[in-house]
Amino acid sequence: MYAFEIERPETVEEAIKALSRDEAQPLGGGQTLIPTLKQRLAMPSVLVSLTGIAAMRGICTDDAGLLCIGGGTTHGEVAAGADKFAGLAMMAAKIGDPAVRNRGTMGGSLANNDPSACWPAAALGAGATIVTDKREIAADDFFQGMFDTARDEGEIITEAKFPVPEKSAYAKFEQPASRFALVAAFVAKYSGGVRVAITGASESGVFRWTEAEEALGRDFGPGALDGLHVEPDGMIGDLHGTPEYRAHLVGVMTRRAVEAAR
Amino acid sequence: MPKDNASDHGGIGASPKRREDIRFLSGTGKYTDDINLRGQAYVHFLRSDIAHGKINSLDLSEAEQMPGVLRIFTGADFKDAGSIPCGWQVTDRFGNPMQEPRHPVLCETHVRHVGDPYAAIVAETREQARDAAEAIIADIEELPAVVDMAEALEDGATKVHEDLTSNLCFDWGFVEENKQAVDDAIKNAAHVTTVELINNRLVPNAMEPRVAIGDYNRGTGEHTLYTTSQNPHVIRLLMGAFVLNIPEHKLRVVAPDVGGGFGSKIYHYAEEAFCTYAAKALNRPVKWTCTRSEAFLSDAQARDHVTKIELALDKDNNFTAVRTDTLANMGAYLSTFAPSIPTWLHGTLMAGNYKTPLVYVNVRAVFTNTVAVDAYRGAGRPEATYQLERVIDQAARELGVDPIALRRQNFVTEFPYQTPVAVEYDSGDFNRLMDKLEAKADLGGFAARRKESEKNGKLRGVGINCFIEACGIAPSNLVGQLGARAGLYESATVRVNATGGITVMTGSHSHGQGHETVFPQVVADMIGIDASMIEIEHGDTANTPMGMGTYGSRSIAVGGSAMVRATEKIIAKAKKIAAHIMEASDGDIELKDGKFTVAGTDKSLAWGDVTLAAYVPHNYPLDEVEPGLEETAFYDPNNFTYPSGAYACEVEVDPETGKVTIERFTTADDFGNVVNPMIVDGQVHGGLTQGIGQALMENCSYDADGQLLSASYMDYCMPRADDVPFFVVDHSDGTPCTHNPLGVKGCGEAGAIGSTPTVVNAVIDALQSGGHDVPHIDMPVTPSRVWAAMQQG
């Protein structure tokens, strides 16, 4: 790791100021950034830790009934605290191991947009709104491809607001080594329709499987998915699975999520 | 087989808890990285990021000016040093020695694998050394890399070592005189089953990465190397005599607590020689701590065989011949014992548990631009077992016969048994093991369990495997004929203190095995004192007799036997002293429960009375024996030991995803006599887990350019606790080894040797039960591979 300074702001305003310093970089739970630094693959001069900002931590319900989760909230806190949103709690409980869940944050995971991470599937699958220090961005506009989002440099994810579905579930097939998603499906049934988001599979990162959404919107049950499949074209191929395998798993995991939805 | 007095003394057959765990679990162990010497500097190795290249120039000028840099070393600094030596010379089919390339401490003209070190920066801190490494301007011209073994052997292939005639290290045939007879038997067989398979390359992944600290005392001219080694005396000999020209009396090697080795810490590594050399050059201790990322690129890797095996059977399903053709990857250099693994530790086991009269094994060892390959838990024997037990399973399927019956029909049943591949099995009872397995694994209940799985949408399969392996490789005069450049005895010094406590200095080395608990059990049993009176010292060449260390499941069989021999000398001398004091003749003295008695009388002396007399020899037979009570023995066995086993595994396959889960795993092992059953259980559990890891998960994979694709735990899958079931293991009632004093065989590797074919046989059985005509899937049997196979068959 190269030498760097660390700042620990206690308010969003202080964080914004700290991030305006030359080559400053925000630090959430550090589950991706710290290993990257240890490999000397990044060289920020200042790290701005966001986990000490009390206003960015915790889970609540706003007046519109949206589940609001602070950007600095850990996966473990969501697993334990999002009891009114089954799929979200299920998703958070399966990230990494206890050490990861006690450090890693929602905001860090959303901002990183790893193509195999769980949070992007939850945010996209729930049609969440990503709130930053500057603006609100719909999940449909936020995720823009592998490791790419609509977030500007220095912009802080302070919160995400999740509409609470009638039924939801997350079904993850783990990549055996990392236990990230080889393919995972987040399914949420709302009164206005069904959303299905897939992570781990596509070279373009998290995506919505619209055919499945339409079919499930007509009839929310595993049978609705019969005959539906995604094409291997554009799916990730690596040591752990071919594009064909991943395309196949999209169908399997979506069906399992539908079966598990509650 | 607990003995009557086991519980009294914590002796043979008892299961006292591991005494070393008190320090390991309470953070008071002392590992090499815990050692920090005054004034120590740190080295960072600059490693090649390409698999093959020619070093045109290294510009160190800027790096040398960086803060904290003491000196930067390159290959030129080691031009007078020897090559990192290979400890085993294989002679090929035609009587020629293997091709043996130079392995410099730091690369001289070429880099030959990703991770090959070509500069070493010593600085005041680790980070400064790393900073300076980035300022070195290296002009390294990339050359084509050879990764695939078959391509490496093609005419005109790029050579890993330009001064060798080709990438072929050797072409070995065993038993060469049987070749024609085997070919004829296969030609004339009623049935021949052929399987082509890959034994996947592994990264050993000991929990503790390697560490080396060199120290030099310019007042005495003595060098000390602290290192994570399984065999400090071997490192002292190899490094001192062959690389750095330091006589052994001026070189001390210390391997303190070591956090796992599995073979990967047997070898003499360049980093050890570097730290020892640099400490003198700089007159400062020099420390290197390997990162996990570096371990993936520098620890000797494992397995990597590509094999075709043919099994010939007569019309009554008797095995008539086995013929194998294997390519064995050596990597870019010959690691310490690399050539012995695919040859003498592999070919000699190719008869397995069966009375196949004719066996021919051909192995071509190949250089590639990859990390060196050497022994890893099992070392050659897993490769032998895997192919043999896969082809037998496939033969049973082709012939429509029960796989257990086919094995039983061909078992060796009389011992000693001379195999057609040189070795002679001294003892075993394969039918009894299979009987035990069938009962313990409840194979009779399998059909019902399969039904239950099918009800849940899963395919269930059962896999059976038998194996015999060879441990405690010996005797030295034989292995010398086979090409070993070392002896394979073991040593022990038993030092009895004046007040009766005992320190045993052993040449064996414990890096997880539990010697500190087990070895005292043996001495306690012989003398009849409590095991807590005995302490084990190991790992420091300054206070232990020359020993060969720990690998090949040899410690209790060879090291334990040396300790028995030394203790026998102690008892014989103590009896003489007791006889003198009690005014009796030596022959009438008995030692039981720590008390010397004179037969037929009520005279007795306590153990402590005699040990005190040995050091305060007032009333003492000074004209017969010297004062003191300390004896050393070197034990050189007259044969290998031959543990054997029968394993059963039940798996479930999720037909939708291809995911395999291990539902049951049962073992019946014959380890001969067992000293500490609890520790043996643990050894089996660990071995099984590593074998399950190889079978289902672990995959050291290089791309065509020689880049390691699985270079971290993000892609290299280690087995975790939730990947394995609760094991049912049995090693009771073994057939004792006939040629060592304890009747022990060794248990460290059996689990890793026996488990891979058991798992794969089970997966194939599950797929077949689901109507998929899949004859074979290469390891690791990952979900994507299983799914792909199901789409084909």
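Structure values in brief
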read-out	value
Scan of the range B:408-425 for residues that are surrounded by 16 or more Cβ atoms within 10 Å (Cβ to Cβ) and either within 12 Å of B:Gly352 (Cα to Cα) or within 22 Å of the chain's Cα centre (by Cα) (or both), ordered by number	B:Asn410, B:Phe411, B:Val412, B:Tyr417, B:Thr419, B:Pro420, B:Val421, B:Val423, B:Tyr425
Single residue of the range B:140-159 satisfying the filter (assigned to a helix (DSSP H, G or I) and surrounded by 20 or more Cβ atoms within 10 Å (Cβ to Cβ)) that is nearest to the other protein chains (Cβ to nearest Cβ)	B:Met149
In the range A:86-99, residue surrounded by the fewest Cβ atoms within 10 Å (Cβ to Cβ) [restricted to those that are part of a helix (DSSP H, G or I) and either in contact with an Asp or Glu (Cβ under 9 Å, 6 or more places away or on another chain) or of a type in the set (Gly, Ala, Ser) (or both)]	A:Ala99
Subset of the range B:692-731 (residues that are exposed (fewer than 14 other Cβ atoms within 10 Å of the Cβ) and either in a strand (DSSP E or B) or in contact with a strand residue (DSSP E or B) (Cβ under 9 Å, 6 or more places away or on another chain) (or both))	B:Leu709, B:Phe726
Wholly enclosed strands (runs of 3 or more DSSP E) of the range B:208-320 bearing at least 3 residues within 14 Å of another protein chain (Cβ to nearest Cβ)	none
Some residue of the range B:117-139 being under 17 Å from B:His52 (Cβ atoms) and surrounded by fewer than 22 Cβ atoms within 10 Å (Cβ to Cβ)	yes
Sole residue being closer than 30 Å to B:Gly608 by Cβ, in contact (Cβ under 8 Å) with a residue 40 or more places away in the chain and either away from every other protein chain (no Cβ under 14 Å) or in contact with a Lys or Arg (Cβ under 9 Å, 6 or more places away or on another chain) (or both), chosen from B:Glu624, B:Glu650, B:Glu663	B:Glu624
Filter result for the condition that a residue is acidic (Asp, Glu) and in contact with a Pro (Cβ under 6 Å, 6 or more places away or on another chain), over A:Glu259, A:Glu231, A:Glu213, A:Glu174	A:Glu259
Residues being more than 23 Å from A:Leu27 (Cβ to Cβ), more than 14 Å from every other protein chain (Cβ to nearest Cβ) and small (Gly, Ala, Ser) - total across the range A:155-185	2
Flag if A:Asp114 is touching a residue at least 12 places away in the same chain (Cβ under 8 Å) and surrounded by fewer than 18 Cβ atoms within 10 Å (Cβ to Cβ)	no
Residue within the range B:347-364 that is more than 19 Å from B:Glu151 (Cβ to Cβ), in contact with a helix residue (DSSP H, G or I) (Cβ under 7 Å, 6 or more places away or on another chain), assigned to a loop (DSSP other than H, G, I, E, B) and without any contact (Cβ under 8 Å) to a residue 60 or more places away in the chain present	no
Residues that are under 27 Å from B:Ser264 (Cα atoms) and in a loop (DSSP other than H, G, I, E, B), drawn from the range B:493-514	B:Gly507, B:Ser508, B:His509, B:Ser510, B:His511, B:Gly512, B:Gln513, B:Gly514
Residue that is surrounded by the fewest Cβ atoms within 10 Å (Cβ to Cβ), among those in the range B:512-535 that are under 19 Å from B:Val674 (Cα atoms) and touching a His at 6+ places or on another chain (Cβ under 7 Å)	B:Asp530
Residue list for the range A:243-262, restricted to those being under 20 Å from the mean Cα position of the chain (by Cα), in a helix (DSSP H, G or I) and among the aliphatic types (A, V, I, L, M)	A:Leu249, A:Val250, A:Met253, A:Ala257, A:Val258, A:Ala260
Output for the range A:212-242, where each listed residue is within 23 Å of the chain's Cα centre (by Cα) and among the β-branched types (Val, Ile, Thr)	A:Val230, A:Ile236
Pick from the range B:398-407, criterion surrounded by fewer than 18 Cβ atoms within 10 Å (Cβ to Cβ) and out of contact with any strand residue (DSSP E or B) (no Cβ under 7 Å at 6 or more places or on another chain), ranking: farthest from B:Pro775 (Cα to Cα)	B:Ala405
Of all residues making up the range B:50-95, the number that are part of a strand (DSSP E or B), among the aromatic types (Phe, Trp, Tyr) and over 23 Å from B:Ala365 (Cα atoms)	1
Failed item in (1) in contact with a Cys (Cβ under 9 Å, 6 or more places away or on another chain); (2) assigned to a helix (DSSP H, G or I); (3) within 14 Å of chain A (Cβ to nearest Cβ), with B:Ile679 passing the rest	(3)
Residue match in the range A:206-228 (condition: within 13 Å of chain B (Cβ to nearest Cβ) and either in a helix (DSSP H, G or I) or exposed (fewer than 15 other Cβ atoms within 10 Å of the Cβ) (or both))	yes
Tabulated pairs, the range B:168-187, first buried (at least 16 other Cβ atoms within 10 Å of the Cβ), second part of a helix (DSSP H, G or I) and of a type outside the set (Gly, Ala, Ser), C-beta under 8 angstrom, 6+ apart or interchain	B:Cys169/B:Pro339; B:Phe170/B:Pro339; B:Gly173/B:Lys179; B:Phe174/B:Thr348
Lone qualifier among B:Lys79, B:Lys3 - being at pLDDT below 95 and more than 30 Å from B:Pro677 (Cβ to Cβ)	B:Lys79
Residue match in the range A:67-85 (condition: within 13 Å of the chain's Cα centre (by Cα), in a helix (DSSP H, G or I) and not assigned by TED's automatic domain parsing to the domain that holds A:Ala181)	yes
Filtered residues of the range A:237-262 (kept if modelled with pLDDT of 95 or more, in contact with a helix residue (DSSP H, G or I) (Cβ under 7 Å, 6 or more places away or on another chain) and surrounded by fewer than 20 Cβ atoms within 10 Å (Cβ to Cβ))	A:Gly237, A:Thr242, A:Glu259
B:Gly754 being at positive phi and surrounded by 24 or more Cβ atoms within 10 Å (Cβ to Cβ)	no
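Here is a yes/no grid of residues against (1) in a helix (DSSP H, G or I); (2) modelled with pLDDT of 95 or more; (3) among the hydroxyl-bearing types (Ser, Thr, Tyr):
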{"position": "B:Ser755", "(1), (2), (3)": "yes, yes, yes"}
{"position": "B:Val759", "(1), (2), (3)": "yes, yes, no"}
{"position": "B:His772", "(1), (2), (3)": "no, yes, no"}
{"position": "B:Ile777", "(1), (2), (3)": "no, yes, no"}
{"position": "B:Arg785", "(1), (2), (3)": "yes, yes, no"}
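To keep it simple, each residue is scored yes or no on (1) in contact with a helix residue (DSSP H, G or I) (Cβ under 8 Å, 6 or more places away or on another chain); (2) exposed (fewer than 13 other Cβ atoms within 10 Å of the Cβ).
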| position | (1), (2) |
| --- | --- |
| A:Pro9 | yes, no |
| A:Ala24 | yes, no |
| A:Gln31 | yes, no |
| A:Ser45 | no, no |
| A:Leu50 | yes, no |
| A:Gly65 | no, yes |
| A:Thr74 | yes, no |
| A:Val78 | yes, no |
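The values are calculated or read from the model by the stated rules, or taken from the named source; none is laboratory data. Keep in mind that what you see is a predicted model, and the values were worked out from it rather than measured. Virtual Cβ from ideal backbone geometry, glycine too; neighbours counted across all protein chains shown.
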